[in-house]
1. Taking segment 44-69 only, how many residues are more than 21 Å from residue 33 (Cα to Cα), without any contact (Cβ under 8 Å) to a residue 24 or more places away in the chain and over 9 Å from the mean Cα position of the chain (by Cα)?
2. What are the residues in segment 13-25 that are surrounded by fewer than 15 Cβ atoms within 10 Å (Cβ to Cβ) and touching a residue at least 12 places away in the same chain (Cβ under 8 Å), if any?
3. Would you mind stating whether residue 62 is loosely packed, with under 12 Cβ neighbours inside 10 Å and under 29 Å from residue 4 (Cα atoms)?
4. Out of the residues in segment 26-52 meeting the condition of being within 17 Å of residue 62 (Cα to Cα) and of a type in the set (Val, Ile, Thr), tell me which one is surrounded by the fewest Cβ atoms within 10 Å (Cβ to Cβ).
5. Would you tally the residues in segment 47-85 being among the polar types (S, T, N, Q) and over 22 Å from residue 28 (Cα atoms)?
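Any read-out appearing in this document is the output of simple, stated calculations on the displayed coordinates, not a laboratory observation. This one's a predicted model, so the numbers in the text were calculated from it and none came from an experiment. Reconstructed Cβ throughout: ideal geometry from the backbone, glycine too, with neighbour counts over all protein chains shown.
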Amino acid sequence: MNAEAALARAKNAEQIINDPLVAAVLDGIERKWVDAIVASPVADAEGRELAYRMFKAVQQFRDEFAAMIGDGKIAAAELERSNRD
């Protein structure tokens, strides 16, 4: 992927992850799974494990967007450097 495409992708990712509706939904999903972990009976290790994996999936979703945004910052710096040269 070239720098321009990475920058465009990063801007798109930033708009999506910073959208108030998306943020509220992701926060709600995380809260749901944390609540499920906390409220699970001691004997329900399988249920707790599922809730933990689902919680981690939401975190990974956020991390993927963060990585795209980081790639965009690198691409912006590369473009700036190439424009100076």
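1. Of the residues in segment 44-69, 0 are more than 21 Å from residue 33 (Cα to Cα), without any contact (Cβ under 8 Å) to a residue 24 or more places away in the chain and over 9 Å from the mean Cα position of the chain (by Cα).
2. The answer is 16, and nothing else.
3. The answer is no for residue 62.
4. Among those that are within 17 Å of residue 62 (Cα to Cα) and of a type in the set (Val, Ile, Thr), it is 34.
5. Filtering segment 47-85 for residues among the polar types (S, T, N, Q) gives 59-60, 82-83.
Then keep just the ones that are over 22 Å from residue 28 (Cα atoms); that gives 82-83.
Going through segment 47-85 one residue at a time, the tally reaches 2.
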